[in-house]
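The values are calculated or read from the model by the stated rules, or taken from the named source; none is laboratory data. Computed from a predicted model, the values in this text were never measured in an experiment. Heads up, the Cβs are rebuilt from the backbone with ideal geometry, glycines too, and the neighbour counts pull from every protein chain shown.
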Amino acid sequence: MGLIVQKFGGTSVADAARIHRAARKAIAAKERGNKVVVVVSAMGDTTDDLIDLAKQVCTVDGKEVVPPKREMDQLLVTGEQVTIALMAMAVCALGHPAVSFTGGQIGLLTDEAFSKARIKSIDEKRIHKELDAGTIVIVAGFQGVTPDGHFTTLGRGGSNATLVAVGAVLKADVCENYTDVDGIYTADPRLVPNARKIARISYDEMMELSGLGASVLQTRAVEFAKKYGVPLHVRNSQNDNEGTWIVSETQTMEHIVVSGAALKKDLTRVTIKNVPDRPGVAARIFHAIAAANIMVDDIIQNVMHDNTANISFTVEHGDLHDLRPVVEKLVTDLGAGTVAAFQGDLAKVSVVGVGMRTHTGVAERMFKALADAKVNIQNITTSEIKISCIIDREHGPAALRAVHDAFELGGPGGAAAKR
Ligand code: ADP
Ligand code: ASP
Ligand code: MG
């Protein structure tokens, strides 16, 4: 007998009919002789709608104030709580025992970083007890509680993290991530019509793709899956097709230079001008930003003639609310007439592949594709297995298609299809 953890994303539980379809998948897995845990997201656009409602309530005389983070999480966890109860009812209505649990009810403890909390532990005993009794266990994704009992959320797409964490503690045979596409594609199939489904992709490549904009899986969830060796299968909730397996790297994977391309929209570049050019200043700046739980990327420092430097970096647009006060405080603390500038409307187009470790010419090919598409590159960053270019946001989708074509990822003979 195996143990399967399935996760159904927002579109896969958007209405009663889809909840039934998801419930039937869980029941089918149980009837094949498995113990089954189901993690669910909030229905459809519920999380976005709740965020919008919070914005409306927090706008006074036309001015929007930032809601208290604790209250925001208190609000957002309600989305998943609706789905767990409905999913348990659907399974029961179809004739199988089921029980639903919130994050807190399975002892899913997190740190106190509201809106981006990290999972610390899960008490698997309660889940095991129900599974041993033959019950299908339904768990709310995206949420946890602090040791003091405050509700927390795990960042957008956080139900992926719940799936992997529950899979890891239960030592699941497989974690099935059911979504609205057939698996992981060579690029977002909504932006690149000739993108191809990939049969197998390594944890490292998936981690890069997720971090670079492939929102189908949350980066943290993939990181966790790699750390604990959780076998992850991304599939379509609307059919029974084989999806994409996210697995440890194999030698044959290196034969394909680029396995996927991704686009991250909504980036903002922040520039802190005229900071003193002496040891320790950059450390101080990025320590303060990291302490606020904000990820930065693409750091550039230009040293001026007057012993000062301009430091630029990009952040996701959604982090600006949190970043502004940190940067403003830094500017005050550092003195020396420092000024912070914010430039929005940026995007990042990237290509990823473990084959880059052993092949040359990838950067050249990417830059040529962007030049041919008349896309100006503002900044470039690389790692062992990725190359990223910061560009104007308005060119994002065209740039993604251009690099996807340049590496011949699409179409019937697409490179990734050969894996
Ligand atoms: P869910 O609600 O199931 O969590 P998401 O909307 O979070 O679904 O993720 C699925 C979406 O991710 C797809 O509809 C697709 O548009 C997008 N996506 C972005 N990049 C990729 C990719 N490389 N492969 C597959 N889907 C991708
Ligand atoms: N409902 C949450 C979100 O929309 C979590 C998730 O769907 O994974 O981000
Ligand atoms: Mg998602």
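Within the stretch 44-63, identify whether any single residue is touching a residue at least 60 places away in the same chain (Cβ under 8 Å), part of a helix (DSSP H, G or I) and either touching a helix residue (DSSP H, G or I) at 6+ places or on another chain (Cβ under 8 Å) or within 16 Å of ligand 2 (Cβ to nearest atom) (or both), and answer yes or no. Yes: one or more hits.
Conditions tested, residue by residue: (1) hydroxyl-bearing (Ser, Thr, Tyr); (2) modelled with pLDDT under 95; (3) more than 16 Å from ligand 1 (Cβ to nearest atom).
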residue: LYS120; (1), (2), (3): no, no, yes
residue: ILE136; (1), (2), (3): no, no, yes
residue: ALA140; (1), (2), (3): no, no, no
residue: THR146; (1), (2), (3): yes, no, yes
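Taking the criterion of being closer than 14 Å to GLY183 by Cα and crowded, with 24+ Cβ neighbours inside 10 Å, the residues of the stretch 219-243 that qualify are LEU232, VAL234. Residue check: LYS264 meets all listed conditions (1) assigned to a strand (DSSP E or B); (2) in contact with a Leu (Cβ under 7 Å, 6 or more places away or on another chain); (3) farther than 30 Å from THR360 by Cβ but one, namely (3). Find the residue count for the stretch 86-118, including only residues that are in contact with a Ser or Thr (Cβ under 8 Å, 6 or more places away or on another chain), buried (at least 22 other Cβ atoms within 10 Å of the Cβ) and within 22 Å of ASP132 (Cβ to Cβ). The qualifying residues number 5. Quick check on my filter: what residues within the stretch 112-159 are of a type outside the set (D, E, K, R), assigned to a loop (DSSP other than H, G, I, E, B) and over 26 Å from ASN34 (Cα atoms)? Scanning the stretch 112-159 gives ALA113, PHE114, SER115, ALA117, THR146, PRO147, GLY149, HIS150, LEU154, GLY155, GLY157. With the requirement that a residue be in a helix (DSSP H, G or I) and β-branched (Val, Ile, Thr), what does the stretch 300-341 give you? Across the stretch 300-341, the qualifying residues are VAL326, VAL327, VAL331, THR332. A residue that is within 14 Å of ligand 3 (Cβ to nearest atom), in contact (Cβ under 8 Å) with a residue 60 or more places away in the chain and more than 24 Å from VAL36 (Cβ to Cβ) occurs somewhere in the stretch 180-195. Being among the basic types (Lys, Arg) and assigned to a strand (DSSP E or B) is the filter here, so list the residues in the stretch 174-204 that pass it. LYS197, ARG200 - these are the residues of the stretch 174-204 that are among the basic types (Lys, Arg) and assigned to a strand (DSSP E or B).
Suppose the filter is touching a strand residue (DSSP E or B) at 6+ places or on another chain (Cβ under 9 Å), within 16 Å of ligand 2 (Cβ to nearest atom) and more than 25 Å from PHE224 (Cα to Cα); does ALA113 pass it? It is false that ALA113 is touching a strand residue (DSSP E or B) at 6+ places or on another chain (Cβ under 9 Å), within 16 Å of ligand 2 (Cβ to nearest atom) and more than 25 Å from PHE224 (Cα to Cα). If you go through the stretch 171-193 and keep only what is more than 13 Å from ligand 1 (Cβ to nearest atom) and surrounded by fewer than 21 Cβ atoms within 10 Å (Cβ to Cβ), you end up with LYS171, ASP173, VAL174.
More than 16 Å from ligand 3 (Cβ to nearest atom) and either under 15 Å from GLY353 (Cα atoms) or touching a residue at least 60 places away in the same chain (Cβ under 8 Å) (or both): is that true of ILE311 in this structure? In short, no.
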